[in-house]
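Asks: Sharing a structure, written as structure tokens. Questions coming.
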Amino acid sequence: MTFDRQGVLWDAINGKTPPSPAAALMGWTFRAVDPDEGTLEIGFALDERFTNPVGSIQGGFVAAMLDDTLGPALVATLAPDQFAPTVSLTVQYLAPALPGTFVGHGRVVKRGREIAFLEGHLVDAQGTTVATATATSVIRTLR
């Protein structure tokens with residue numbers, strides 16, 4: 001499926017460019033997007049290199065997967081000359097995230113001209129929601 005959109009995110013979704021190095025490290029794969037609804041699904045694959053001493057994925061990587069889901073959900077709704085850095089990210093850890101595959105579900109809750117509110121959740125291969133998050137992003141135009 002190819003999308004007739006412009007911008008870095010759309011180039012990654014369409015396979016024209018690789019995802020960012022951080023996203024690639026986490027096994028980022030595009031799954032689904034609906035820019036009209038402001039929703040996005042991203043797949044991730046993390047192995048034992050990402051674990052803490054008790055064998056769970058370290059919480060910072062769980063937060064990074066959520067940030068790499070929520071941000072693109074918003075970016076999918078923006079013009080090619082806009083970007084939207086995250087200014088606040090709050091994560092709730094609900095269950096241990098064990099090495100394996102995950103799906104991030106992101107959604108734009110409300111978008112204004114300069115600020116957007118986002119929410120999402122991260123599900124493991126067994127269907128367990130391991131974490132949820134809310135985020136605020138500021139919308140900027142490249143000059």
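The values are calculated or read from the model by the stated rules, or taken from the named source; none is laboratory data. As the structure is a prediction and not an experimental result, all values here were calculated from the model. Don't worry about glycine lacking a Cβ; one is built from the backbone with ideal geometry, like all the others, and counts go over all protein chains shown. For accessibility, only protein heavy atoms count, side chains too; no ligands or nucleic acids. Shrake-Rupley method; radii C 1.70, N 1.55, O 1.52, S 1.80 Å.
Asks: Limited to the stretch 110-143, what total is found for residues that are within 25 Å of P80 (Cβ to Cβ), in a strand (DSSP E or B) and of a type in the set (G, A, S)?
Replies: So the count comes out to 4.
Asks: Can you tell me which of L74, L78 is open to solvent by less than 40 Å² (accessible area, probe 1.4 Å), assigned to a loop (DSSP other than H, G, I, E, B) and farther than 18 Å from D124 by Cβ?
Replies: Of L74, L78, the one residue that is open to solvent by less than 40 Å² (accessible area, probe 1.4 Å), assigned to a loop (DSSP other than H, G, I, E, B) and farther than 18 Å from D124 by Cβ is L78.
Asks: For the stretch 1-24, what are the residues that are hydrophobic (A, V, I, L, M, F, W, C) and either in contact with a Lys or Arg (Cβ under 9 Å, 6 or more places away or on another chain) or modelled with pLDDT under 85 (or both)?
Replies: Those that are hydrophobic (A, V, I, L, M, F, W, C) and either in contact with a Lys or Arg (Cβ under 9 Å, 6 or more places away or on another chain) or modelled with pLDDT under 85 (or both): M1, F3, V8, L9, W10, A12, I13.
Asks: Exactly one condition in (1) open to solvent by 70 Å² or more (accessible area, probe 1.4 Å); (2) assigned to a strand (DSSP E or B); (3) closer than 23 Å to P19 by Cα; (4) out of contact with any helix residue (DSSP H, G or I) (no Cβ under 8 Å at 6 or more places or on another chain) is not met by R107; state its number.
Replies: The one condition R107 does not meet is (4).
Asks: Here is a further query. Could you grab me the full set of residues in the stretch 21-67 that are touching a residue at least 12 places away in the same chain (Cβ under 8 Å) and of a type in the set (G, A, S)?
Replies: If the condition is that a residue be touching a residue at least 12 places away in the same chain (Cβ under 8 Å) and of a type in the set (G, A, S), then A22, A23, G27, G38, G43, A45, G55, S56, G59, A63, A64 are the ones that fit.
Asks: Another one. Answer yes or no as to whether D81 is within 25 Å of R143 (Cβ to Cβ), in contact (Cβ under 8 Å) with a residue 12 or more places away in the chain and among the acidic types (D, E).
Replies: Yes, satisfied.
Asks: Same structure again: Taking the stretch 27-71, which residues are out of contact with any Pro (no Cβ under 9 Å at 6 or more places or on another chain), surrounded by 19 or more Cβ atoms within 10 Å (Cβ to Cβ) and assigned to a loop (DSSP other than H, G, I, E, B)?
Replies: Of everything in the stretch 27-71, just one residue is out of contact with any Pro (no Cβ under 9 Å at 6 or more places or on another chain), surrounded by 19 or more Cβ atoms within 10 Å (Cβ to Cβ) and assigned to a loop (DSSP other than H, G, I, E, B), namely G38.
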